[in-house]
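Notes for the one structure printed next.
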Amino acid sequence: MINESGDWLAGGDIEALERIRWNDSLDQYRLTPLELRARFRAMKADAVFAFQLRNPVHNGHALLMQVCGGGGVEEEEAQEEEEAQEEEEGAQEEAQEEEEGAQEEAQEEEEGAQEEEEEAQEEEAQEEEAQEEEEGAQEEAQEEEEGAQEEEEEEAQEEEEGAQEEAQEEEEGAQEEEEEAQEEAQEEEEGAQEEAQEEEAQEEKEQEEKEQEEETPDGSCWTGGTTTLSCSSTPWEAGPRRMTCHSRLAWTNTTQCSKMAFWRLLKDGVLDPNSTVLAIFPSPMMYAGPTEVQWHAKARMATGANYYIVGRDPAGMPHPETKKDLYHAQHGRKVLTMAPGLTQLEIIPFKVAAYDKKAGRMAFYDPTRKPDFDFISGTRMRSLARSGESPPDGFMAPAAWQVLSSYYQNLPKE
């Protein structure tokens, strides 16, 4: 941006003999600190809020500016009245708390006395319990002794009965053996008789056959034969089975585009033109993080600002490779609260605003309704504008968005 404006001398003492101009049709908005102070006095401003932006203003920024600067003296009086009311309510609450505290103390003392009485009763009950345990132990010892005697008597009786049963079983076993011997002898005798009978029958049969042979006239005889049936089966061999189975616009840089979009917000009434001053800070953003933010804030203080609204990671940038922020998101705000020379400037942390999808407008973020909010970053804004898409209704004034979209769509493609 500096190179495009012409040759400059960098370093050394500089004497500005005349007003520095960029000749980009925006010099009328580059007001000096004295000019800004005169403008604020003419507006009879009770307070001056400075809000530095590097992205085009959308309705979230407008919401924050309206909340911060919309009340004036009436808001301060209302705040003082509210604080007085809060003090009165606090005193009443404190008196009520003291009274409740006294009642609680009395109740605690009464409860303490009652607890002591209960403890005495518990001790007495413990003594009775100890006595009962001692008596119980004596009874258990007596029961164990009686049980041992009963076990000894039962064991002796069981041994005697066992001996009698063994003797009886031996006697019965002897009788069974004798009976088995008698049965075996009888079976042997019967077997001998049967064998003798079979031999006699065989002899008779042989005698009959002999007699029949003698009676056959032709000399032939009948003999019994055995026929063997052999079955052979032909083996079935199964074979293998297979399965297969554009034109340029009047403005030529982002500063012109942003200011034109801001001007549309004023014209459309998104911001009150009677209480809003549009001014260009005559120093390009260097993205030097918290160090640069001190310069930004000090310069605004010189113009008469009383309040400086600082956002998340001001003047910060992501690492070119890891894409992570180089500075902590809150370091800029913390440095401003500790920086010397900024005691006259009150730092206001940026309250996060996001697009409320249910309400269809920008609203302050409510963590309890996280799914209802859509965070539309500056990168996403530029991407939508470049592709000719529109953000959701209520995110940005349509006329201002048209300015932004036209600018990015007509940029020369790299």
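Odds and ends about this structure:
- Sole residue being in a helix (DSSP H, G or I) and within 43 Å of the chain's Cα centre (by Cα), chosen from Gln138, Gln85: Gln85
- Among the residues of the stretch 18-45, those that are part of a loop (DSSP other than H, G, I, E, B) and over 51 Å from the mean Cα position of the chain (by Cα) comprise Glu18, Arg19, Ile20, Arg21, Trp22, Asn23, Asp24, Ser25, Thr32, Met43, Lys44.
- Of the residues making up the stretch 353-363, just one is in contact with a strand residue (DSSP E or B) (Cβ under 7 Å, 6 or more places away or on another chain) and part of a loop (DSSP other than H, G, I, E, B), namely Lys357.
- Pairs with Cβ under 9 Å, 6+ apart, first in the stretch 249-274 and closer than 16 Å to Leu63 by Cβ and modelled with pLDDT of 75 or more, second part of a helix (DSSP H, G or I) and of a type in the set (D, E, K, R): Val270/Arg264
- Whichever residue in the stretch 364-403 is farther than 19 Å from Leu53 by Cβ and either β-branched (Val, Ile, Thr) or assigned to a strand (DSSP E or B) (or both) and, among such residues, is nearest to the chain's Cα centre (by Cα): Thr368
- Verdict on Ala113 being more than 53 Å from the chain's Cα centre (by Cα), on the phi < 0 side of the Ramachandran plot and assigned to a helix (DSSP H, G or I): no
- Count of the stretch 343-365 residues which are surrounded by fewer than 12 Cβ atoms within 10 Å (Cβ to Cβ) and under 30 Å from Val293 (Cα atoms): 2
- Total residues in the stretch 327-342 satisfying the condition of being surrounded by 15 or more Cβ atoms within 10 Å (Cβ to Cβ) and either farther than 30 Å from Ala47 by Cα or more than 28 Å from the chain's Cα centre (by Cα) (or both): the figure is 7.
- Residue that is farthest from Gly360 (Cα to Cα) [pool: residues in the stretch 376-397 that are modelled with pLDDT of 90 or more and surrounded by fewer than 12 Cβ atoms within 10 Å (Cβ to Cβ)]: Ser387
The values are calculated or read from the model by the stated rules, or taken from the named source; none is laboratory data. Every value quoted in this text rests on a predicted model; they were computed, and no experiment measured them. When we count neighbours, we look across all protein chains shown, and the Cβ atoms used for this are built from the backbone with ideal geometry, even at glycine.
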